[in-house]
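Single-structure report; data block below.
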Amino acid sequence: MFKSNNVTARIFQRQICTPAPGTSIYSARRFYENIVPSCTIYDVECPDQSFRKFTEDGLYLISFSRNHQELIVYRPRWLSFSCKEEDCDTHGLPLKAKKFEGFFTQLYTVTLASSGELICKDFFLYSETYQFGLFATSTAQIHDAPAVGGAVQGVPSVEKITFHLLRLEDGAVLDERVFCNDYVNLAHSMGVFLYDDLLAIVSLRYQRIHILQVRESGNLVDVQTIGEFCHEDDELFLYSNVQSMMNPDKSKLHEGPVNHVANGLHRNQPVGETPFLTGIKQRLLSFIFQGIWNEETDPSLRMQCLKKKFYFHFQDYVDLIIWKVQFLDRHHLLIKFGSVDGGVSRNADNQPAFFAVYNMETTEIVAFYQNSTDELYLLFELFCDHFHVSGKSSLHMNFISTHSNNIHALEQLRSNKNKACSFSQFVKKMLSSLPFSCQSQSPSPYFDQSLFRYDEKLISATDRHRQSTDHPIKFISRRQPNILKFKIKTGPEAGNTDSGTKKISSFIFHPFLPLALSIQQTLFLQPAVVNIHFRR
C-alpha cells in the first residue's frame, strides 16, 4: 500500500487510499516501520527484581521480588519531561527520565508465598479478558520420593503446589487451588494451559489432567479430571460393579463362590489400586489396536501385523506417561506421551514421544502419531496457526509470525530442512516444540517477520533466556533489506569487562508500544543490568 517511507506521506496516503478488504490491520501495522524503539537508556536505575512479562493488553508489567516471595505489578507510562531549549532533540535526557520510575508506576505489591514456599518466577498466565492473573508457588522438590497411592515411579514430588488467581486491577487474591505431594511442571508454564476460560493442569506424578473453569466471579471450578477415569460416572460404575461382585445376591449363593482373583479384583483391594490400566491408557491402546486391525483384511496377515506392531510393543505403550497437554479447541486436547525419563528431563528432544488428539466429550482418541511421523510434520508445516491457539477476543496474538502465515518464516523453515543431515531428525526437532506452551510468544509487531528481519538465534518472539552477546541485535527492514531500522544492545553501554563470566539475556517487549526491556544477568545472582529501549 505505502510507496513512501516518510511517515507524514504514509498518513496522507492512508487518508486518500482504501486498503484491500481484510487487510486494514496489516496496512496499519506497517506504520511500525517508522515508529521503532530507537533510543536506549543503559543500566537504568531500577528495583532488583525478576521482571516477567507484559499482559497482552499492555496495562500491566509483572515482576517478582528477588527472594521469590512477593508479586509486584507496574503500569507502563510514557516518558514525559520538559525542555526549555529550542532544539530539544540534541540534548540528553534529564536525570529523572533515566530512572525506572520514569517509565513505570508501581500499582501494588502482594505477598503470595507462605512459609516454605517460593514463587515460580517462570510461571504467569492471564485470562482472556485480562481481568485475572494466575500465579504459582511451591515448596522444594523431593527427587527420591517413594511412589505411593498410584504415583509414577521416578517422578519427583513436591509437598505443596498452590495456584493463585488474582484480580490484576488491585491484586486481590480471589481463589486458590492446592496440589499436595504432586508434581506439575511449572517452568515456562509447561504443565498448565489456559484457553478461553478453561484451564488444564497436568499432574505428572499421578497422570491426571485436571480441567478447571475460570468463572467471571474469579472462582476456579472443577470441570473434570482425565486419567484413571474418562467419564464423570466411571468411578461410580466401577465401584458399583466391585460391590456387586464382593456382595453377590443371596439367591445366587448356591451357585458357588465367585472367583474374584480371576476377575482381577481382590476383596480388600480399593478401586483406585486395581491392576486395570487407566481410562486414558485404555482409550489409547484401543485406538492403536483398531488402527492396526484395519490395516489388513486377510486374517493371517492381520495377526502377523498385530504381533509385530502391537503385541511386540505392548509394554512400551503401557509404560507411556503424559508429558504435556494443550487445548486445540474447547473439546479437543493435544496430549504428548513419552517415557518417565523424558517427562522429568529438561531436554527430551531425542527421546521417543507420541502425540494423541483426545476428544473430551466423547472420551475418544481421534488421532495418534509418533514424533517422527511425516504426516504430523506436514500438518504442523501447513497449519501451525492451529497449534498457536488464542482466545476469541485476543487483540494481537493472531498476528504472530509462523511458517503457515508468513512467507519469510516458511522460507527459513525450508532452508533449515534442506540443510538438515537427516530428515527424520529434523522432523523430531521441529515436533519437539509440540504441544506449544501457553502464552509463550510475544505479540510485539517488531517480531513480525513481514516487517523486520533479525537473527532468531539471538532474539525471537518466543519467551526464553538466550546467550548474551556484546554485539547489538539488528532489526533490518524487510522491504528495504539494506536499511537498519533499530538495534538493541544488552548489558552496559561500554560492553562487559568480565568476558569469562557466562551471561544470559531476556527481552520483554510491550505488545504494541515501541518500548522494550533487555535484561542481562549472570549465573551468580548478581544484580541484573536492565536497559530500556523506547522511541524518543
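The values are calculated or read from the model by the stated rules, or taken from the named source; none is laboratory data. Just so it is clear, the model here is predicted, and its values are computed rather than measured. Positions of Cβ are generated from backbone atoms using ideal geometry, with glycine treated the same way; all protein chains shown enter the neighbour counts. Keep in mind that these areas ignore ligands, DNA and RNA; they rest on the heavy atoms of the full protein, side chains included. Shrake-Rupley method; radii C 1.70, N 1.55, O 1.52, S 1.80 Å.
Values for this structure:
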| read-out | value |
| --- | --- |
| Residue in segment 432-440 that is more than 14 Å from the chain's Cα centre (by Cα) and either hydroxyl-bearing (Ser, Thr, Tyr) or modelled with pLDDT of 90 or more (or both) present | no |
| Positions within segment 346-360 being under 20 Å from the mean Cα position of the chain (by Cα) and open to solvent by less than 40 Å² (accessible area, probe 1.4 Å), in sequence order | 348, 353, 354, 355, 356, 357, 358 |
| Filtered residues of segment 197-209 (kept if open to solvent by less than 20 Å² (accessible area, probe 1.4 Å), in contact (Cβ under 8 Å) with a residue 60 or more places away in the chain and within 23 Å of residue 463 (Cβ to Cβ)) | 198, 199, 200, 202, 204 |
| Candidate set: segment 386-411, residues that are among the hydroxyl-bearing types (Ser, Thr, Tyr) and under 26 Å from residue 199 (Cα atoms); chosen: the one surrounded by the fewest Cβ atoms within 10 Å (Cβ to Cβ) | 393 |
| Per-region count, segment 361-385, residues open to solvent by 20 Å² or more (accessible area, probe 1.4 Å) and either in a loop (DSSP other than H, G, I, E, B) or under 17 Å from residue 285 (Cα atoms) (or both) | 10 |
| Residue, surrounded by the most Cβ atoms within 10 Å (Cβ to Cβ), within segment 454-482, restricted to residues that are touching a residue at least 60 places away in the same chain (Cβ under 8 Å) and not acidic (Asp, Glu) | 475 |
| Selected residue (only one of 118, 112 is open to solvent by 60 Å² or more (accessible area, probe 1.4 Å), among the aliphatic types (A, V, I, L, M) and under 24 Å from the mean Cα position of the chain (by Cα)) | 118 |
| Single match in 199, 194, 204 (criterion: over 26 Å from residue 71 (Cα atoms), hydrophobic (A, V, I, L, M, F, W, C) and touching a strand residue (DSSP E or B) at 6+ places or on another chain (Cβ under 9 Å)) | 204 |
| Of all residues in segment 156-189 being more than 19 Å from residue 62 (Cα to Cα) and of a type in the set (A, V, I, L, M, F, W, C), the one that is most open to solvent (accessible area, probe 1.4 Å) | 180 |
| Residue match in segment 415-429 (condition: in contact (Cβ under 8 Å) with a residue 12 or more places away in the chain, within 30 Å of residue 124 (Cα to Cα), among the basic types (Lys, Arg) and buried (at least 19 other Cβ atoms within 10 Å of the Cβ)) | yes |
| Condition check for residue 20: open to solvent by less than 80 Å² (accessible area, probe 1.4 Å), without any contact (Cβ under 8 Å) to a residue 24 or more places away in the chain and in a loop (DSSP other than H, G, I, E, B) | yes |
| Number of the condition not met by residue 451 [criteria: (1) over 21 Å from residue 27 (Cα atoms); (2) among the hydrophobic types (A, V, I, L, M, F, W, C); (3) buried (at least 18 other Cβ atoms within 10 Å of the Cβ)] | (1) |
